[in-house]
Each structure stands twice: as structure tokens, then as C-alpha cells.
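Enquirer: The structure is given below, and queries will be raised subsequently.
All of the numbers you see were taken from the coordinates with simple rules; none came from a lab. What you see is a predicted model; the values in this text were computed from it and never measured. Backbone-built Cβ (ideal geometry, glycine too); neighbour counts: all protein chains shown.
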């Protein structure tokens, strides 16, 4: 028996990291959000609290069935998210 997924497979999980990485993250997030709305993509948005939270949030999204996880942040945030997905 396969456990039911908690999340619609088409829904994206987005982790926004305002304190980590790229300088113009707010502008980039606005562009990404505009594109998602334009394309009709449904998503859930989570903002990271600190450096340690990205890995935990990515693990949580993967555990809840998200197949597409987007990280808005820098290289370190992406690495933490990959670690979180891999530990899921």
C-alpha cells in the first residue's frame, strides 16, 4: 500500500531566503512571483528564519510530497536545500 501524498504534485514549494546569498533577492523574488502568477503556477511560500532553517524547510517540503522545490537565495541556501531534500 502506498501512502497518500499530502500535497498536489503540481504545487511548488518555494523557500525564500532574505538574509542569505544574492544582493537583489527581493527584486528577484518579485520577478519570480510575477512569472508564477502569469503562468498559473500554484505554490506554497516559506521564508527562512536563519542559516540553519533552509535545510529543515526543504526536508519538510520533500517529506510532504513537493516534487518541485524552488530556493530564492544564494549558493549556500541552495546547498542547504539539497542537503534537506537528500535527508528526506
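Listed here are the residues, each with its yes/no results for (1) loosely packed, with under 14 Cβ neighbours inside 10 Å; (2) in a helix (DSSP H, G or I).
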{"residue": "15", "(1), (2)": "no, no"}
{"residue": "27", "(1), (2)": "yes, yes"}
{"residue": "35", "(1), (2)": "yes, yes"}
{"residue": "85", "(1), (2)": "no, yes"}
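Enquirer: Give the residues of the stretch 47-60 that are buried (at least 21 other Cβ atoms within 10 Å of the Cβ) and more than 8 Å from residue 85 (Cα to Cα), sorted by residue number.
Expert: Across the stretch 47-60, the qualifying residues are 48, 54, 57.
Enquirer: Pairs only if they're at least six apart or on different chains, beta carbon under 6 angstrom, first in the stretch 64-88 and at negative phi and touching a residue at least 24 places away in the same chain (Cβ under 8 Å), second exposed (fewer than 15 other Cβ atoms within 10 Å of the Cβ) and in a helix (DSSP H, G or I); list them, first residue then second.
Expert: Within 6 Å, the pairs are 88/63.
Enquirer: A follow-up question, please. Looking at the stretch 58-69, is at least one residue under 16 Å from residue 12 (Cα atoms) and part of a strand (DSSP E or B)? Spell out how you get there, then give the answer.
Expert: Start the filter on the stretch 58-69 by keeping residues that are under 16 Å from residue 12 (Cα atoms), which leaves 58-69.
Narrowing the set further to residues that are part of a strand (DSSP E or B) leaves 69.
Checking the stretch 58-69: at least one residue is under 16 Å from residue 12 (Cα atoms) and part of a strand (DSSP E or B).
Enquirer: For the stretch 37-44, check the following and say yes or no: at least one residue is within 15 Å of residue 18 (Cβ to Cβ) and surrounded by 14 or more Cβ atoms within 10 Å (Cβ to Cβ).
Expert: Among the residues of the stretch 37-44, not one is within 15 Å of residue 18 (Cβ to Cβ) and surrounded by 14 or more Cβ atoms within 10 Å (Cβ to Cβ), which makes the answer no.
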